[in-house]
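Undergrad: Got a structure here, written out as structure tokens. Questions coming.
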Amino acid sequence: MPNSADIRLSESSNSSADVSAVAIKTPAFWSDKPELWFAQLESQFALGNISVDSIKFHYVIAALNSDDLTCVSDLVLNPPQTDSYNSLKTRLIA
């Protein structure tokens with residue numbers, strides 16, 4: 001028969017498995033090497049189990065400085081209903 005500590009550990013393990021995403025620390029955007037920056041960011045998304053388009057979009061927005069933000073202001077102010085992350089990524093890499 002399991003003791004109460006074993007039961008608590010089991011319950012704790014089960015609730016941890018329900019977490020679908022974790023916060024990541026995004027470095028400031030590298031306007032001189034955007035493809036490399038996105039490669040690093042997408043690795044962090046994979047490690048953090050982040051796959052929702054809008055969450056990825058907002059992580060990128062949060063990493064941009066004012067100059068880069070100005071270049072994509074139309075997407076920031078009126079995000080596409082679908083594929084907003086890839087739209088933003090394509091624009092920043094271009």
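Coordinate-derived values only; no laboratory data. As the structure is a prediction and not an experimental result, all values here were calculated from the model. Positions of Cβ are generated from backbone atoms using ideal geometry, with glycine treated the same way; all protein chains shown enter the neighbour counts.
Undergrad: Full extension from Glu35 to Leu47: what is 0.36 nm times the residue separation minus their Cα-Cα distance, to one decimal in nm?
TA: Result: 2.5 nm gained on full extension.
Undergrad: Using mean Cβ contacts within 10 Å as the protection proxy, how do 56-62, 35-41 order, highest first?
TA: Packing proxy ranking, top to bottom: 56-62, 35-41.
Undergrad: Hey, another quick one. Run the reach check for Lys25 against lysines, Cα to Cα strictly under 17 Å, same-chain hits fewer than 8 apart removed. What comes back?
TA: Straight-line reach from Lys25, under 17 Å: Lys56.
Undergrad: Here's something else I'd like to know. Per the Kirkwood treatment, what hydrodynamic radius in Å, one decimal, follows for the stretch 34-93 from the mean inverse distance over all distinct Cα pairs?
TA: 11.7
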